[in-house]
Structure formats: structure tokens, C-alpha cells
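Data block below; observations after.
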Amino acid sequence: MLKLEVVTPERKVVDTEVDSVSVPTASGEAGILPNHAPLISALKPGILSYSAKGSSEKLAISGGFVEVNGSNVSVLATTAATAADINIDEAKAERDAAEKALSSVATSAVEETESYREALDAANARVQIASSR
């Protein structure tokens, strides 16, 4: 078993025992099982999923860090939302705004493009989580 803790600046979102965790790291999706090697990684916007006792849960996160140490998985996320936390109409509006902003930015503005792409990834994750209810 793993001890999963997901914390944002506002609140503790998850504090539970789980069988496995999957997080969107900066270098790709990372699956974490008991006895995982120690790990510290930046997170990118996307979906964090975890399973416990045969059921699976998902959170839309928008960046932060993950640390795996022994049987502890600590996620410090910028934001983390469950399906119940997300208003699907607002999430779709955020996604549409991010797509519009991204399409209007010059491709030479790499930093600005990356910022809009992260906003789009975060909005897409929120829409996907909200749609799953």
C-alpha cells in the first residue's frame, strides 16, 4: 500500500491509502506502485489517477511537484479538483479561451506559447474529469 497525500495552497485534497498512483510529470506519465524508487519531479497540467481496493479516482491538476519516498507519495499541486469540484460549463469556457489565446499568439513567442499551452492542458483535464461524472 501507498500513502497518497495531495495538497494545494488552499487545502488538503486527498489523504488516503492507495494501491497505485499515476501522475503527469514533466517528462511523461509516471506510474507509482509500492516499493517505487525515490523520485522528485515537476508535474505538468493533466490528470492524476489513483486506485484503491478496486476503485479508481481522478483529479485534474495544473502543475506542481511529486515526491515519492518509501511508501509515501506527496503531491504539492498548484490546483487539484475532483469531478464534483468542477463546473463543466466554466471548464469548457476556460478551454475555449485558452485555445483562442494560443491561436492568436505568434509562434516566435515561445514563453507565452508555453504558458497558453499549459492553460489549455489544465482546462482539457478539467473538462475530461467533469465529463466523467
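Throughout, read-outs are computed from the coordinates displayed, never taken from laboratory work. No experiment lies behind these values; they were computed from the predicted model shown. Cβ: placed from backbone, ideal geometry, glycine included. Neighbour counts: every protein chain shown.
Details
- Taking amide hydrogens as placed 1.01 Å from N in the peptide plane, the amide H of residue 13 sits under 5 Å from those of 6, 7, 8, each at least 5 positions away in sequence or on another chain.
- For the pair residue 71 and residue 51, the difference between a 0.36 nm per residue extended length and the Cα-Cα distance amounts to 5.7 nm.
- Label assignment, log10 I(q)/I(0) by the Debye sum over Cα atoms at q = 0.11, 0.13 Å⁻¹ derived from the structure, set [x] -0.35, -0.50; [y] -0.40, -0.55; [z] -0.48, -0.60: [y]
- 7, 23 arranged by Cβ crowding within 10 Å, fewest neighbours leading: 7, 23
- Förster radius 30 Å - calculated FRET efficiency between residue 11 and residue 111, Cβ distance, rounded to 0.05: 0.50
- Simple spin-label estimate for residue 101 and residue 87 in nanometres, 7 Å along Cα-Cβ: 1.8 nm
- Taking a ≥ b ≥ c as the square roots of the eigenvalues of the Cα gyration tensor, the range 12-90 is classed as oblate, since a/c reaches at least 1.5 and a/b does not exceed b/c.
- Gain in span if fully extended, residue 131 to residue 3, counting 0.36 nm per residue against the direct Cα distance: 43.3 nm
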